[in-house]
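Visitor: Okay, handing you the structure first.
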Amino acid sequence: MELINLSNVNYTYVDGNTVLKNINMNINPQERIAILGPNGAGKSTLFQLFNGLLTPTSGNITVDGMTVCKENLSKIRQNVGMVFQDSDDQLFNSNVRQEIAYGPMNMGIKGKELDELIKWALNSTKISEYENRSPNTLSGGEKKRVALASVLAMKPKVLVLDEPTAALDPIGVSQLIKLLNSINKDLKITIIFSTHDVDIVPLLADRIFVLNKGEIVLHGSTKEVFSNVDILRKINLRLPRVAHLTEILIKDGFIKSNNLPLTIGQARELFKKNTIK
Ligand SMILES: Nc1ncnc2c1ncn2[C@@H]1O[C@H](COP(=O)(O)OP(=O)(O)OP(=O)(O)O)[C@@H](O)[C@H]1O
Ligand SMILES: [Mg+2]
């Protein structure tokens, strides 16, 4: 059974602005899903529908078979862990330990079980050394890990991350991608993230939904979506840089290929085959 289902979902803000139009989406357990779209496409609005922060104007959303509605809200929020774009919107406790303990304590977890859960969340996100620090003394990248740990401590089925790499430096981006991939693989947690950074998508997604002006304009495997270059360019997105470079090299006659590599690893394999010995 699918983990998340959106059926004919529309969302209109109180000012009459309809920002999500007829969204249909199925997400399976343990998938890694990218919601790719330019500024204002509706990504953050969509994410707030996943855990009931906003309610669809029409249409239906289910998580693990439960309709997202008031009656199911606490169960939905245990299952859907939301990591906000700005960690300062998420962190409000006086130290990292309390930040992580907050969600599980609200679920009634205490004593040894709580201690073990905190230790697990600290270790999984590699932030044990910050346990007694105040979140507002941490850097942006460190705060992102604390936000992730506080959500992981609820043992959600799905992690929803709004532009997770937006405020990170290049090393921070690689570390977060590695961490999210291991959370997906080892803890079997579904990952849904939004971004307009096309370069990270092939490293972190199996499937992509491309959102523009509130509508899904493309969806499919990472390879399928990035083969629609014209549509992506029309909506102010582009190919990953390595694919763009290869496109130019093919055009200039340096390389022969019908496929564009999306990652440096794939490019390396292609270039090796094309190298004149
Ligand atoms: N509270 C609100 N009231 C009215 N319109 C809103 C509100 N919040 C967002 N919008 C509008 O909804 C549209 C989608 O916004 P949203 O924040 O979901 O986009 P986004 O894809 O997350 O963009 P970004 O990449 O810039 O974060 C935008 O046109 C925005 O102006
Ligand atoms: Mg946004």
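The values are calculated or read from the model by the stated rules, or taken from the named source; none is laboratory data. Values in this document were obtained by computation on a predicted structure and should not be read as measured data. A quick note on method: Cβ atoms are made from the backbone with ideal geometry, for glycine too, and the neighbour counts reach across all protein chains shown. Only protein heavy atoms, including side chains, enter the accessible area calculation; ligands, DNA and RNA are left aside. Shrake-Rupley method; radii C 1.70, N 1.55, O 1.52, S 1.80 Å.
Visitor: Does VAL210 count as open to solvent by 50 Å² or more (accessible area, probe 1.4 Å), within 23 Å of VAL9 (Cβ to Cβ) and not in a helix (DSSP H, G or I)?
Guide: no
Visitor: Then there is this: Do you know which of the residues in segment 92-117 that are open to solvent by less than 30 Å² (accessible area, probe 1.4 Å), at pLDDT 95 or above and of a type outside the set (D, E, K, R) is nearest to ILE27 (Cα to Cα)?
Guide: Only one residue tops the list, namely ILE100.
Visitor: Moving on to the next point. List pairs: first residue in segment 179-190 and closer than 15 Å to VAL80 by Cα, second residue polar (S, T, N, Q) anywhere in the structure, Cβ distance under 6 angstrom, at least six positions apart or on different chains.
Guide: What qualifies is LYS188/GLN30; THR190/GLN30.
Visitor: Go through segment 41-61 and give me each residue that's touching a Lys or Arg at 6+ places or on another chain (Cβ under 8 Å), more than 14 Å from ligand 1 (Cβ to nearest atom) and on the phi < 0 side of the Ramachandran plot.
Guide: ASN51
Visitor: So ALA267 ticks every box in (1) surrounded by 18 or more Cβ atoms within 10 Å (Cβ to Cβ); (2) under 15 Å from the mean Cα position of the chain (by Cα); (3) among the aliphatic types (A, V, I, L, M) but one. Which box is left unticked?
Guide: Failed condition: (2).
Visitor: Which condition number in (1) more than 9 Å from ligand 1 (Cβ to nearest atom); (2) touching a Gly at 6+ places or on another chain (Cβ under 9 Å); (3) closer than 18 Å to THR190 by Cβ is the one that ARG32 fails?
Guide: The failed condition is (2).
Visitor: Six or more apart or on different chains, Cβ under 8 Å: which pairs go from a residue in segment 114-130 that's touching a residue at least 40 places away in the same chain (Cβ under 8 Å) to one that's surrounded by fewer than 21 Cβ atoms within 10 Å (Cβ to Cβ)? Could you list them?
Guide: Close Cβ pairs satisfying both conditions: SER124/ILE183; SER124/LEU187; THR125/LEU179; LYS126/LEU179.
Visitor: Between a residue in segment 131-144 that is assigned by TED's automatic domain parsing to the domain that holds TRP120 and any residue that is in a loop (DSSP other than H, G, I, E, B) and charged (D, E, K, R), which pairs come within a Cβ distance under 9 Å, given they are 6 or more apart or on different chains?
Guide: GLY140/ASP169; GLY141/ASP169; GLU142/ARG133
Visitor: So, one more: Report yes if some residue within segment 75-82 is within 16 Å of ligand 1 (Cβ to nearest atom), more than 16 Å from LEU6 (Cα to Cα) and either modelled with pLDDT under 95 or not small (Gly, Ala, Ser) (or both); otherwise report no.
Guide: Within segment 75-82 (the criterion being within 16 Å of ligand 1 (Cβ to nearest atom), more than 16 Å from LEU6 (Cα to Cα) and either modelled with pLDDT under 95 or not small (Gly, Ala, Ser) (or both)), the answer is yes, since at least one residue qualifies.
Visitor: Can you tell me which condition ASP252 does not meet? The list is (1) touching a Ser or Thr at 6+ places or on another chain (Cβ under 6 Å); (2) open to solvent by 80 Å² or more (accessible area, probe 1.4 Å), and all the others hold.
Guide: Just one mismatch for ASP252, condition (1).
Visitor: Could you say whether any residue in segment 64-86 is surrounded by fewer than 17 Cβ atoms within 10 Å (Cβ to Cβ), acidic (Asp, Glu) and within 16 Å of ligand 2 (Cβ to nearest atom)?
Guide: Checking segment 64-86: at least one residue is surrounded by fewer than 17 Cβ atoms within 10 Å (Cβ to Cβ), acidic (Asp, Glu) and within 16 Å of ligand 2 (Cβ to nearest atom).
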